[in-house]
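Single-structure report; data block below.
All of the numbers you see were taken from the coordinates with simple rules; none came from a lab. Quantities reported herein were computed from a predicted structural model and do not represent experimental measurements. Methodologically, a virtual Cβ is constructed for each residue, glycine included, from the backbone with ideal geometry; neighbour enumeration extends over all protein chains shown.
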Amino acid sequence: MIRLALASLLNRKASAWLTILAIAVSTLLLLGVERVRHQTQENFANTISGTDLIVGARTGNTQLLLSSVFHIGALSNTLSWQSYQHLQGLRGVAWHIPIALGDSFGEFPVVATSTDFFEYFRYADRQALIFAQGDSFDDAQTAVLGAEVAKRRQLKLGDKFTISHGSGGISFSDHDAHPFKVSGILERTGTPVDQAVYIPLSGLGQVHGESVRDTTHENEHAHDHEHTHEHSHEPPVYTFSAVLLGLSSRPLALRMQRDINTYQGEPLTAIMPGMALTELWRTLNLFEKALLAVSTLVVATGLLGMLTALLSSLRERRREMAVLRAVGAGPVTIFGLLVSEALILAMVGVGIGIGMLYLIIGVGGDALLANTGILLRATPLTTTEWSFLAAIILAALILSFIPAWRAYRNALADGLTIRV
């Protein structure tokens, strides 16, 4: 039966290949939408790990998360130095990472922070950041590059560059008087860390003409500077976009979040990254369903094209069916022939669609990451993707019953009758 179906399709190669192409493109779109949805959600979830609270000036939870972690959007308010000192002194705070945003290096965001970022920041399953080359900040005029920044700008250790005020590739003024030298390049993480430039807080202060206290080792050798501090004027300090907090005990997070949100010094917002991510995906759920609905409609269009091709060929194949009946083929054989043809078309189309998906990921994955920030990996098909493929083949099988039933009912004389 399969050999007979293949021979019949080869006799109608043009229409068969057009049907296969329609099913392949439909499969590609359905798998592509599902893979973008699944891996984007996975990439978001893997971006930050081990951080118990993110604190910023009063704003929405999603806005604070997107700006501080994913460098998407901008925060209109900043967190004062006094509030940062208050956060450091809270009982149960094990570590703290200050972050100041607002500058850029071309299309890449510049993140001013301390060396604690490279020591305590975690992504995926609590994986630490690793230096592919060099090391952390040496002084106020050094910088660390994410893997994607170094690759696209072709920078190496010791190279100098300047940053600009503004974000999102929109520059209001260039800080040409304060170039930074590359002191380190991070290993690729598949997170927004790869697409950011990291400079010390003191370097950002110099660029903006403000003094910044370097909190990296503020407790080291404190007794050696105690006398100096007593007789020196406290320099002006900088403000921050957000502060990442790690707690000595995770159960403290809820109580500390409440305390920070009710802080009287200034309006603050403290969020737990996991809950904020859940809220973000709940917001995007409608768009996910819309994309899935569109891709499902495209698949339905491809399958209807297959049904149309099979139905339109029946009139031309009436004599073929009659000859098969005349040489001993029963109605079940005729029925099975049409169903086999539909299954072959669907399975070949699905197979080509899978191949096209992996080809696009392999060839265009880097370009997709560079232009959209979406990281797609050529991982094996998931259970959901397999279920989609099975649904396509099952739908093709069910639709094939329509032309198969019509062929089954065609009378032997109908095919042999000469029509004028």
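Note on the chain: GNM, Cα springs under 10 Å; of Ser83, Ser68, Ser312, the largest mean-square fluctuation is that of Ser312. Each of Leu28, Tyr123, Tyr238 was placed along the dipole of the chain (beta-carbon charges, centred on the mean Cα), and the one lying farthest toward the positive end is Leu28.
Check the chain and count each lysine pair with an alpha-carbon distance under 27 angstrom, considering only pairs eight or more places apart or from different chains.
On the way: Lys151/Lys160; Lys151/Lys181; Lys156/Lys181; Lys160/Lys181.
Close lysine pairs under the 27 Å cut-off: 4.
Comparing Ala24, Ala326, Ala293 in a Gaussian network model of the chain where C-alpha atoms under 10 Å apart are linked, the largest mean-square fluctuation is found at Ala326. Within the chain, the whole DSSP H helices whose Cα atoms reach 27 Å or more along their own axis and whose mean Kyte-Doolittle score is at least -1.0 are 13-46, 273-316, 331-372, 383-409.
Centroid-to-centroid, using Cα positions, region 324-345 and region 1-55 are 30 Å apart. At an R0 of 25 angstrom, the distance between the Cβ atoms of Leu304 and Leu10 translates into a FRET efficiency of 0.60.
Calculated [222 nm] ellipticity per residue, helices only, for the chain: -18000 deg cm²/dmol; basis is -39500 (n - 2.57) per DSSP H run with n ≥ 4, divided by all residues, nearest 500. Here the 3J(HN,Hα) profile of region 240-245, calculated from phi with Karplus coefficients 6.51, -1.76 and 1.60 at θ = phi - 60°, is 10, 7, 6, 9, 8, 10 Hz, Gly and Pro shown as x.
Beta bridges from DSSP with both residues in the chain: antiparallel share about 80 percent, rounded to the nearest 5. Its relative contact order, with pairs defined as Cα atoms under 8 Å and 6+ residues apart, puts the chain at 26 percent.
Judged by the mean number of other Cβ atoms found within 10 Å, the most tightly packed of the peptides 356-364, 124-132, 109-117 leads the ranking 109-117, 356-364, 124-132. Please name which of Leu310, Gly349, Met256 has its Cα lying farthest along the dipole of region 251-404 towards the positive end, using unit charges on Cβ (Lys, Arg +1; Asp, Glu -1) and the Cα centre as origin. After comparing all options, I get Leu310. Across the options Ala100, Gly328, Asn46, the greatest Cα extent toward the positive end of the charge dipole of the chain (unit charges at beta carbon of Lys, Arg, Asp, Glu) belongs to Gly328.
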